[in-house]
Amino acid sequence: MAALHLRGIGLPDAEPIELWIVDGLISFEPVSGAETIVESGWITPGLVDAHCHVGIRYGGGGGETVDGLLEQAKTERDAGVLLVRDAGSPVDTRFIDERLDLPRIIRAGQHIAAPKRYIPGLPVDLDDESQLPAEVVRQARAGDGWVKLVGDWIDRSVGDLAPLWSDEILVEAIAAAHAEGAKVTAHVFAEDALPGLINAGIDCIEHGTGLTDATIESMVAHGTALVPTLINIATFPEIADSATRYPIYAAHMRDLHARRHQTIGAAHEAGIPIYAGTDAGGSIRHGRIADEIAELEVAGLTAHQALGAASWDARSWLGAQGIEEGAPADLVVYSEDPRGNSDVLAKPARVILRGTPVSG
């Protein structure tokens, strides 16, 4: 493979940078005869979608076809997303690892839920919560260091969002995952499930619209991360409109939506680490990371912080390298400063994956 050469402004430092790509890896040592493929522009570490579902069929739930999920992965790549934390998929996507032209995927296995307490066709449903620790271990071994719980969902017997698991079983289950070397995250919309999950030592909360001052303080104390998926939360009014049989639930969803930016902003101000995730798959189209970054800015992150939440900071959180000597050359190049500019972010000038230009 011929050596490649790039120069421009590098992020996160926003300083002039010059680098070479040799055998797919970044080097700062000049290479004679290297082909210059970027003369100017803004060079960032590959973007991250920290809550994405490659393998869930758009618009209908359930598993996607092979062709369909390959198209999902390509769409993410072309948007500059070169690392995906797949937060639950009902189909096996490991064959994608053999495709060097598609994003790297860190999998959380399959969602774990209780019968009729999540979207049909997606989770492993447990008849009794006593089965949770063993299933967590199974999913930890099937995934790439993450396990995904459904923390709350509508309970039709009460007509509102409610927790799925007791505090006691969560302690046992999360400890079992940690013993396997895996981290645990959970889907949580409302307030009531959060204390038990956080106090049990969960590593991350997805959505987090029900955060309160008390649970924010608890997350800070435990070092729990947050992936808000704000473009998914934007669909709450539509969900509420369809829930005519459950008026309490519908009102709750509208209230969570109305204060979403204030809630996530308070979490950010308190120091909770926040990362960008779109929740693409199901009801959210793939390739919308620029929209999520913009929403994080509305919630109070600076333009620099919001991009970091979808790039260098998220990569570090997930154990991936950025722009450094010997790191895999996963890079996105923009014609202008992408910070605070959704139009620029949505249209990378060049995407380089594993040292090979794949678009632009």
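The values are calculated or read from the model by the stated rules, or taken from the named source; none is laboratory data. Worth saying up front: this structure is predicted, and the values here are computed from it rather than measured. Neighbour counts are summed over all protein chains in view; Cβ atoms, including those assigned to glycine, are modelled from backbone coordinates with ideal geometry. Keep in mind that these areas ignore ligands, DNA and RNA; they rest on the heavy atoms of the full protein, side chains included. Shrake-Rupley method; radii C 1.70, N 1.55, O 1.52, S 1.80 Å.
With a 10 Å radius around each residue's Cβ, average the other Cβ atoms per peptide and rank 93-106, 298-311, highest first.
298-311, 93-106
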Size of electric dipole in the range 47-318: Cβ of Lys, Arg +1 and of Asp, Glu -1, about Cα centre, debye, nearest 20
460
For ARG315, ARG117, give the ranking by accessible area with the largest first, probe 1.4 Å.
ARG117, ARG315
With springs connecting C-alpha atoms under 10 Å apart, model the chain as a Gaussian network and identify which of ASP167, ASP13, ASP86 has the largest mean-square fluctuation.
ASP13
Among the lysines, which have Cα under 22 Å from the Cα of LYS347 when same-chain residues fewer than 8 positions away are ignored?
LYS74
Lys/Arg +1, Asp/Glu -1 at C-beta; the chain dipole; positive extreme among VAL31, GLY159, VAL227:
GLY159
Of the listed peptides 140-148, 322-330, what is their order by residue-averaged count of other C-beta atoms within 10 Å, with the highest listed first?
140-148, 322-330
Positive-end residue, the chain charge dipole about Cα centroid, Cβ charges, pick of PRO115, THR212, THR278:
PRO115
Kindly write out, for the range 51-65 in residue order, the coupling ³J(HN,Hα) from the Karplus curve 6.51 cos²θ - 1.76 cosθ + 1.60 (θ = phi - 60°), rounded to whole Hz, with x marking Gly and Pro.
8, 9, 10, 7, x, 9, 5, 5, x, x, x, x, x, 8, 6
Quote the accessible area belonging to SER32 in square angstrom, nearest 10, computed with a 1.4 Å probe and with ligands, DNA and RNA left uncounted.
120
Mind checking the full-extension length gain between GLU269 and ARG141? Use 0.36 nm per residue of separation minus the Cα-Cα distance, one decimal, nm.
42.5 nm
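Looking at the chain only, what percent of DSSP beta bridges run antiparallel? Nearest 5 please.
45
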Over the C-alpha atoms of the range 225-278, what are the Rg and the largest Cα-to-Cα span, Dmax, in Å?
12.6, 39
